Structures are given as structure tokens and as C-alpha cells.
Amino acid sequence: MAQTGKSPAGNKVNGVNGHTPAKKNGSSDSSRSNGKKRSRETTEEDAEMEHRADNTSQRKSHPSTPSSTPKASKIVHMRDEGDLDANDDDELARMSNRSQGKIKKRKSGANLTDQDRKFDAEKRKEQAKRLAVETATLPVNTAQDQLVKSILANDTVIVMAETGSGKSTQLPKMLQQHRFITEYYKQKQIATPNLAITQPRRLPCLSLAQRVSEEMGVALGREVGYAVRFDSKETLAAPGSKKNGQTTIRFCTEGVLLRELGNEPLASGKGKPTEKGDQEEPKTDGQTSDGEDEHPNFLLRYDIIIIDEAHERTLNTDFLLGSLKLIQAERKRLARGIEEAKAQKGKDGGNGDVDVLKKTWGGYQMRELKIVVMSATLEADVFSNFFDKAPILYVKGRTYPVDVYHATENHEEDRVDAALKQCFQLHFNKPPGDILVFMPGQEEIEGLVKSLEQYSKEIPEDMLQIEALPLYRVLSQAQQNRVFEPAGRNVRKIIVSTNIAETGLTIPGIKYVVDSGLQKERSVITSASGSMSALQTIQCSKSAANQRAGRAGRTAAGECYRLYTEPAYEVRPQVAEAEILRTDLSSAILTLIAMNQNPFDFPYIDQPSRPFSVQAVAELLRLDAITVKPFRLTELGKRMRHYPMIPSRSRILLESFKAGCPSEIIDILSLQEAGNPILESAGLREKAEKVKTTFKHRDGDHLTYLAIFRAFIEQQDQHRATLAQDSKAASATSPTAWCKDNALNFRVLKEAVQIRNQLRHLAQQQGQDPDISAGEDQDRVLKCLLHGLPLNTARIQPDKRGYRQLVGSRDIKIHPSSVLVDRKVPTIMYDEINVTTAFYAHTVSVIEESWLDEIPGFNQRSIQQLSSA
């Protein structure tokens, strides 16, 4: 596959020939003493999972992904580094050994001596000093005076900084530690401004929090913390508290901050304050005082909010920016009113407006809000205009230059083979340096990794070896961690990733990038027969392609090889279409209505199409979550907001309490939130089919997954019991080994257990018993699921070759991964549609069509009306 392209200076550069290389001498490195792949034994995986944060100070500095147990309560008390998480085999072994006196228990929490704490703090400070030297020359730091001055002088600023400039890690520190910040907030009687920094994805959020805590020399979860859905590590204090160690730099996903807006409305006409000193807790889940209207809170916990990677234009990005614009204006109006009252008091020498001066909002003083919209690549003018001509700050200079080369032909269809050839061309013809390959999804990633591993066995031992590593969301934590570790001696890492590595992550050692130019995207497909949400493979935008290229220039000069032509690049859109223009809006609109906003009058950056908005409102009405004229949450809608899931799943859970099957439904929903528990990669398909046969339920995938999940929980319980009796015999019951033997994803199942614990706790908070079971009545469980999925149903075609949707009349097929793929049943329901060569239904179960008549507002007549609409 020939490559031609342009360097940054515009010079043409010749490529290399396209073929899978044969064996050749190409490296003068010494023998492969450490070139073999690292062990993947389950004991190492478990230990690495829980203790990566503990060992961070002993490794080379780089962003890492911390692991912590999710906390159910709002005030999260950080877990000390020595505390135990009983979900992992190595931790269970330690508990058993400690109980038998075999090892000394490490002091933790309140048991740490002052000497221990001092030692830990000194280690963190030493590491911070080393990192300060490394980061001092980053482009963002060389321009910090101008950046801080502009941010303080304006309500909102747009920051454009090239990839590798250090914007994501350095700006949060700068906005707390710079002398201009200290002077500015001292005048406002604020010792340290509180920051929220949002990321579109979970992994960069965790990685950045870890990195910034290291650079500041503090323990993760104290001054620097994070919050993602179903997981957080932070130390929160009551409003107005000046407790040492409380989290003042909070990395969170956009969804977490948006949910915080919708969950804590304040009562009154324009945000009614409370008397200073009142002990009343902020109201949650739509609660209001008698006769008062609901209004959004003002996020007064934060002084500065940074929206990072704004160019991705996720659904949450757009709704969050619109909400922040309203909040910022209202906070400014109220804060200025208080300042005027204070000035009047000083001028008259009297009391001024005593009522205004004594007021607080949920325990917080009213103050203005600063907003920073930040990215390496975005349409700056769009955001500037949205925020009333906000200034645009440019930080030039990527850390290292990157040369970009394009293929002479496009390789979308044969992307795996093309990437394989390109990787070997680089490996045999380029100096040492790791390779990062971008692929659209898990299937392509695993296929390429397997091929790399297979062909790399033929490389002579006296040559540079290859270690191929996948990177995508549902991998185990240990597998994700391995990506960040330095390669062994005489080894080149080739990391194959989804767009999870596109932004927010710095993987050490990357010198070459291979870009397929593709990504997975969820969107609503509309046609004359209706609309549905589906996952598709699409071309990435120019902005995304440039972000990917930038990964090669983070730690040294690099090169990017695109598997598509330069003309194909030039015709791509500059930025991706905003998610708000192409996806289901029901979750976001439910949040808006919880904030007392009319979804049709909300200030959007890009106005969503009216049919999409109407469709989302209709869905929420069908779920009985809202009322219209005016828009308000129903009591059921308020209870749905209590659970951090999409509306249809929250509705399923609430129905389970009424139907008497929350035990099964919580388990099923937890696994749906975590992901597919079965490893479906090419090398494990035979083993995966065996596990499906072992746990297969005649009614389909939902109950099959339930059986798998409960078998995993039983395995954990058995392992704990064995450990308590004989730690030496415990390896036979190891959950990780059990997962490996059964081609199951330990990380997904472990995450599902954590989500399950959270959902059970949230149910108990609402006075529900999560242990009530349907017993042998599995139809009750399926009927309950149908309450959230009535539109995701289909009837078998007369020729028995496929199914046709009951609503929408689109022809679909059951995905080959389903346990029902070889059966012909009259009616099915499914979780989602995946679009490849056909429309494939995923996670499918058998239902009786008459069950739809039992769903309020949804019967055969409504099906006919919706189908013909």
C-alpha cells in the first residue's frame, strides 16, 4: 500500500511499497532477553487492577486510569490506599492471609501514624517536583499570564490549543495556583476557587484526575478528584466549609454535571435564596416547598467550569453549554445585585438591603461564574458567537511536529488488512517507537491484534519484536493499564484502539499513528417507515483526523499514516455533526424539564430538528415521565430521575417494583449498563459458543445474561468462602480464572456488580426492597422489560427469513451473537439495532404480542397508528 503525503512544511514525501513484509534483518539491537510478551496470568491481572494507583509514584510519569469502588452517597469519603476491595481475588487472598497472621496488615485511614502520613506526603511532593520540571516548557505554561488575565477579565473565553500543548492538565492547576487567581479571588473572600473540568468520556476523566493529582503532589480523591457515572473518588464538604483536603479540582463527565443540574433544583421565582444559617439540605429529585415552582440550581459549588474537548459536540456538551449560559447570566445578575446592596450600605452608612445581604442559596453565597470552552480543534467562532462574542485565545505550537502521509487508495472495506500491512511496513522500515492504530470498533481491533500476534511469531529473535495491545472501553482494567506501561527491551508496542485514545490520553512512547479514518457513531435513522436509534460505522471528520495525528507528537516528533487518500480527507466535514442533530434526545430533554426548561425554547448552539424533539417528548409522554402545557415532571418522572440511566431503563426498574421482580431486573439492567459479558473475539468464538450453550435460556438473551451474571456472583461468593477456610485452595475458585475459562469479560462483570450495588442502594433510598424476586415466573421479568422497549419489537415475516418491526415496518435480522439466531419465534423484543450489512437486532428475547396490550397507552390500535404515521 503506497503512501504519499505532505509534511507540515508542504514538501512531498515518498512512501514505501505496499505488502506484508517478509523476514528481514533490520535491527542491531541485542537479543530478545526481555522481548517476550508480559504474562497475562489472572493473579497479575487482579493485583494490577486494584494497586495501580499505589504503584504510580514508582513508575514513569504518565496519565493513568485509577480504580475505585463507586460510592452510593452524595458525600463520598475517599478510600485510603490501604483499604480493601473485596471484589478482587488478590484482595480476598490478603484478607485471608491477614486473618491467619501470615502478613502484616497495612495501616490505613485513621490508623495511619503521623509519620506514615508525612512519608506519603513527602513522596508525593518529590514526584510533583520532578513533574514540574517536565511540564514547565509546555506551550500552555509559557503563555499562562496572558491566559489567566483574559479568563479573569471575561465571563467566558474560548481556548484553542494544539494537541500536546498541555491544556487539559495545566490549565486547571493554573486557575488555582497562579498569582493573578489568588489576588482576584482573595478580593472576593474566596481562598481557593472550585473548578469542574468536564470530559466527554470516562477514561480520560480518570486519567487526567490521576495525572493532575500527581503533578500537584496530592492524593487522588482529596484536593483533586473525579466523578463519573456509578463511580467517584472525591472529598466533598458542606457548603461554606473550609475543611482541609476537600476536592476543589473535580474532573467529571459531562453527563455527571448535567445530571447535577437536573437533580438539585432550587425553589422560587428567580432562584429563591434561604436565610443564612439555615440547615435545610438542598432539595433533590424535583422536591419543592409547598406552592413553589421548580427552578434549576446555579452550580454554586463551582467558581470556574471548564468544558474540555468541546469539538466533539456530544449531546451532553450542547445541553450543558446552553444550561451554563443561562446560569452564568442569572448568577451575574444576582451577584451584582448583592454588590450594589453592599455599596449602598457603605455609602449610606446604614444597613443597606439587609434581606439581600443575609441570603444564601442552598448554603452557598451567590457569586459570578467563569466558563472556559476548550479544545485542540473546534469551530471557535460558533462557540464565541453563542457566548455573545466571547474572546478566542489561541495557544500555538504542538509539543513536537507530526508528518502526515496519505494512502494512494482508500481502504475502508479492507481496513484490517491495510492496517496490518502498514504496521509491518513501519516496523521493518522505521526506527524504534510505538505505533497507535485507530480502528472503529472492538471487532476490527481484536481481528488486527490477533493477526499482529500471529505474524509476529515469524520475526527472528535477534530483531525488534512486537507486542500488540487492544484498547477499548470494555477491556479489563489490567489490559487497559498495560497500554500505558513502557515496552520491554527490544520490543515495539502496537496499540490498536477506538477513538477512546483520540483525546485526553497521553500514551508514552507513541511515535507513529495509523488511522483507518473510521469510527462508530450512534444516530437516529429516519425513513418513511419510521425512525430508530442505531450504531453505525462512519468516516471521522477532519478535526478528529487531526486529533489522531496529534497523538504521534506528544512525546517526540512523529508520523501519521492515513489509510485513505488526501482527496478523501479534503472532502470530509471540518467537524463531526453535532450529536444533538442525529441522536435520541429523550434523556437530555428529561433533564431540561427537570431544570424547569421548555425544550422547544432552550438556547441551543445548533437547533435540533423539530421531529427529533417531538419524538423525544412523545417517548417521555409514553413513559408517563412528563406532562405538557406546561412542561413538568410527573411523580413517576421524578422517581425515574433518581436512577442514572436512560429513561426507558429507569422506567423498567420502576415497573419491576410494581411487578414484583426488582431482583432480576436490577441484575439485567446492571449488566446492560456495563456491556456484553461474553468475549466474542475471533479467537474465542468456539469457547463463547460453549458458554452460551451452558447458560442459554430458551426465552433469549436477557435471561441468558442474567444466568451468566448470577453464576459470576455465585462464583465470587464461593471464592470468599473458600478463602476463609483455605487460601491455598482458593485459586480453584478464582472469579478471574473462571471468567477466562468461560470466555467471559471479568471487567464487564465486575463493573456490573458495582452498578448493581449502586442501583440496590438507590432503590432502598426510595423505600423499595431490591431482593423481591419473580421466582420461576420468567414471563413477569420479560413483561417488565417490555414496558421500556415496546417500540423495539418485531414480528416474524411470512417467509420466515427475518422480522419486521411492529412500529416502523423496517425489516431486521437477529444478530448472529444472539442465542435466538437459529430459532424462528413469532415475536421478539430487542435492546438496540446495529447497522452493518443489514439491520441487526442485539440482545433479543421472545415475547407474546398480546403483552403489548398491557402497557398503558400502547396497544394494537396504537401500533397501527404509529406504523402508518
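With the Cα gyration tensor of segment 412-562 giving a ≥ b ≥ c as the square roots of its eigenvalues, does the rule (a/c under 1.5 for rounded; else a/b larger than b/c for prolate; else oblate) give rounded, prolate or oblate? It is prolate, given that a/c is not under 1.5 and a/b is the larger ratio.
Solvent-accessible area per residue for segment 607-735 at a 1.4 Å probe radius, Å²? Walk me through the numbers on the way to the answer.
Numbers: 5370 Å² over 129 residues.
With the other protein chains kept in place, segment 607-735 gives 42 Å² per residue.
Net charge of the neighbourhood of Glu751, taken over other residues with C-beta under 12 Å away and scored Lys/Arg +1, Asp/Glu -1, is +4.
Can you give the % of DSSP beta bridges in segment 138-262 that are antiparallel, to the nearest 5?
Roughly 25 percent of the DSSP beta bridges within segment 138-262 come out antiparallel.
Counting only protein heavy atoms and using a 1.4 Å probe, what share of the accessible area of segment 480-633 belongs to carbon plus sulfur, as a whole percent?
Numbers: 2570 of 4970 Å².
Result for segment 480-633: 52 percent of the exposed heavy-atom area is carbon or sulfur.
Rolling a 1.4 Å probe over the protein heavy atoms of segment 664-711, with every protein chain left in place, gives an accessible area that is 52 percent carbon and sulfur.
For segment 119-241, the solvent-accessible area works out to 39 Å² per residue, with a probe of 1.4 Å and every protein chain left in place. Based on the alpha-carbon gyration tensor of segment 574-680 and its eigenvalue square roots a ≥ b ≥ c, which shape applies: rounded if a/c is under 1.5, prolate if not and a/b is larger than b/c, or oblate? The shape class here is oblate.
Determine the order of Glu570, Glu559 by accessible area, beginning with the largest, at a probe radius of 1.4 Å. Working shown, then result.
On the way: Glu570 95, Glu559 35 Å².
Final ranking, largest accessible area leading: Glu570, Glu559.
Between segment 370-436 and segment 173-216, what is the C-alpha centre distance in whole Å? Between the Cα centres of segment 370-436 and segment 173-216 lies a distance of 26 Å.
Leu518 sits among other residues whose Cβ lies under 13 Å from its own Cβ, and their net charge, with Lys and Arg +1 and Asp and Glu -1, is -3.
Starting from the Cα gyration tensor of segment 499-612, take the square roots of the eigenvalues, sort them a ≥ b ≥ c, and report rounded, prolate or oblate (rounded when a/c is under 1.5, otherwise prolate if a/b is larger than b/c, else oblate). Before the final figure, lay out the partial values.
Numbers: a/c = 2.84, a/b = 1.89, b/c = 1.50.
It is prolate, given that a/c is not under 1.5 and a/b is the larger ratio.
The values are calculated or read from the model by the stated rules, or taken from the named source; none is laboratory data. Note that the structure is a prediction, hence the values are computed from the model and not measured. With ideal geometry, Cβ positions are generated from the backbone for all residues, glycine too; neighbour counts draw on all protein chains shown. These accessible areas exclude ligands, DNA and RNA; they are computed on the full protein's heavy atoms, side chains included. Shrake-Rupley method; radii C 1.70, N 1.55, O 1.52, S 1.80 Å.
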